[in-house]
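The values are calculated or read from the model by the stated rules, or taken from the named source; none is laboratory data. Keep in mind that this is a model prediction, so the values were computed, not measured. Cβ sites come from the backbone with ideal geometry, for glycine too, and all protein chains shown count toward neighbours.
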Amino acid sequence: MTIPIRRALHPGAIVVGAALAHRFVPAALTDERLRLALLAALVSAGILAVRMGRGRALYALIWVAGSVALLHPAAVGPLADALASPSDAAKTTAGALLGLLLPLNVAVLSLAREWRPLSVDGLLRLLAAVAQLLGIAWLMRPDAAADAIARLQPLTQRAGVEFASWPVDGLVGAGWGAFVAAACVATIRLAQRPDDGHMQAGLIGLLIALGLALAGIAGPPLLWALAAALVLIATLVENAFTLAFEDGLTGLPGRRALDERLPQLGRAYALAMLDLDHFKKFNDKHGHEVGDDVLRMVARQLQRVGGGGTAYRYGGEEFAVVFPGRAAADAEAPLEILREAVASTPFRVRGSQGGKPLQVTISIGVAERGGALRTPEQVLKEADRALYRSKKAGRNCVTVASAQHARASAKMARAGPGARASTRRSTAKRPTKRPRSGGGRGRRTV
């Protein structure tokens, strides 16, 4: 179980940035500027959360806004007149209760699955957050605390506990323990669910920022409330980026990321196409869930490809690898190492007891820019043709597209579909197969 540290980069940068702002430019952090920035951040985060259907982010945002409204009512602008300025004792009580309830709610968010904020279930959850904040606001009234203590005394006396006022010190201690526990829960979930890593890292950043805000250390509380809102905005933006450019199954960059990368490659590069051998038969025999496990296993190997290559999920069981500034001959060695690593990694079907592990193999084709291949699309098509020749050569091998094949492909493209059938036989020569490795006799080939 590993923790994807890169998910925490943006929340961490915001928290560090807030600390540096307090250290080096404290004069610029006036209450008026912080109040306006906080209101803008809260509104922006709320719109993003609703628009993207992220109920957990909106739930956390309600706690950020509610904490500010309870402890610093002047920061909420038009609502300031409607909220009575709390006394120091009321602020202390509210801070202690917020310090206990807020991390407990964040821990629940960390364990919960995502929900739509405008659904019936989502609205009920949001109302639960509002109800807790209203309860804290009610206890901040001068006579409410004494009334609540009087109502609780019969119960506490039976337990042998008596107090004449709120045990603020005990609540503060329990609150700090709850903060630590919630951060541990989010960290564990970050390691367990990399697909939800942005949200888990955002919740950790939120806990740090709001903990400093409630403690009133390392800067004005409004600064850390602003940092908490910015953490939520960064979390939502990162989540949107991941959905658009990252493959959810394998964790590799997806087809859209590849399409964005290709026009930026310059004048020298090599592209490789990879395909899992007999994957359809494997899916039919063992099921799609096991097939997904195979794709994840291959993706883990692809993430370690050498030669400066970057792997992408192209679609289905196909992957692409981009080698900027490399020739096809330079990419051949790291691709051969990749092929051997996949073939030598035994794969066991989930739930199977005993039995021989299965061997997964891949076929690879690689081509470079040059000669008749001028555009990334042409190079990628030539790499795909080289992949096809690897399949025809018996699979589990690497085929480098030659200049002869590239010229023949360009000639077919210019001649049109009618000439391709007559030209294919003369160009599709059987390539020299690379010696196979990593396939023991005790394993079956997928």
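Is there a residue being closer than 11 Å to Leu271 by Cα and touching a strand residue (DSSP E or B) at 6+ places or on another chain (Cβ under 8 Å) anywhere in the range 351-360? Within the range 351-360, not a single residue is closer than 11 Å to Leu271 by Cα and touching a strand residue (DSSP E or B) at 6+ places or on another chain (Cβ under 8 Å). All conditions in (1) of a type in the set (Val, Ile, Thr); (2) surrounded by 15 or more Cβ atoms within 10 Å (Cβ to Cβ); (3) at pLDDT below 90 hold for Thr156, with the sole exception of (2).
Close contacts from the range 332-349, counting a first residue that is closer than 18 Å to Val398 by Cα and of a type in the set (Asp, Glu) and a second that is at pLDDT below 95 and surrounded by fewer than 15 Cβ atoms within 10 Å (Cβ to Cβ), with Cβ to Cβ under 9 Å and a gap of 6+ residues or different chains, come to Glu340/Arg436; Glu340/Ser437.
In the range 1-27, the qualifying residues are those that are among the small types (Gly, Ala, Ser) and at pLDDT 85 or above, and the one that is surrounded by the most Cβ atoms within 10 Å (Cβ to Cβ) is Ala18. Just one residue in the set Leu271, Leu243, Leu252 is over 18 Å from Leu295 (Cα atoms) and either more than 22 Å from the chain's Cα centre (by Cα) or crowded, with 21+ Cβ neighbours inside 10 Å (or both); that residue is Leu271. The residues of the range 216-232 that are surrounded by fewer than 21 Cβ atoms within 10 Å (Cβ to Cβ) and more than 18 Å from Phe24 (Cβ to Cβ) amount to a single one, Gly216. Only one of the listed residues (Val130, Val108) is in a helix (DSSP H, G or I), closer than 24 Å to Gly197 by Cα and β-branched (Val, Ile, Thr). That residue is Val108. Residues in the range 204-214 include at least one that is closer than 13 Å to Ile14 by Cβ, of a type in the set (Gly, Ala, Ser) and touching a helix residue (DSSP H, G or I) at 6+ places or on another chain (Cβ under 9 Å). Applying the selection to the range 27-59, what residues are assigned to a helix (DSSP H, G or I) and among the hydroxyl-bearing types (Ser, Thr, Tyr)? Hits for the range 27-59 are Ser44, Tyr59.
Consider the range 350-369 and keep the residues that are surrounded by fewer than 18 Cβ atoms within 10 Å (Cβ to Cβ) and in contact (Cβ under 8 Å) with a residue 60 or more places away in the chain. The one that is farthest from Pro263 (Cα to Cα) is Lys356.
When we screen Gly291, Gly266, Gly287 for residues that are under 26 Å from the mean Cα position of the chain (by Cα) and of a type outside the set (A, V, I, L, M, F, W, C), the only hit is Gly291. Which residues, counting only those in the range 311-335, are farther than 13 Å from Tyr269 by Cα, in contact with a Gly (Cβ under 9 Å, 6 or more places away or on another chain) and among the aliphatic types (A, V, I, L, M)? Of everything in the range 311-335, those that are farther than 13 Å from Tyr269 by Cα, in contact with a Gly (Cβ under 9 Å, 6 or more places away or on another chain) and among the aliphatic types (A, V, I, L, M) turn out to be Ala333, Leu335.
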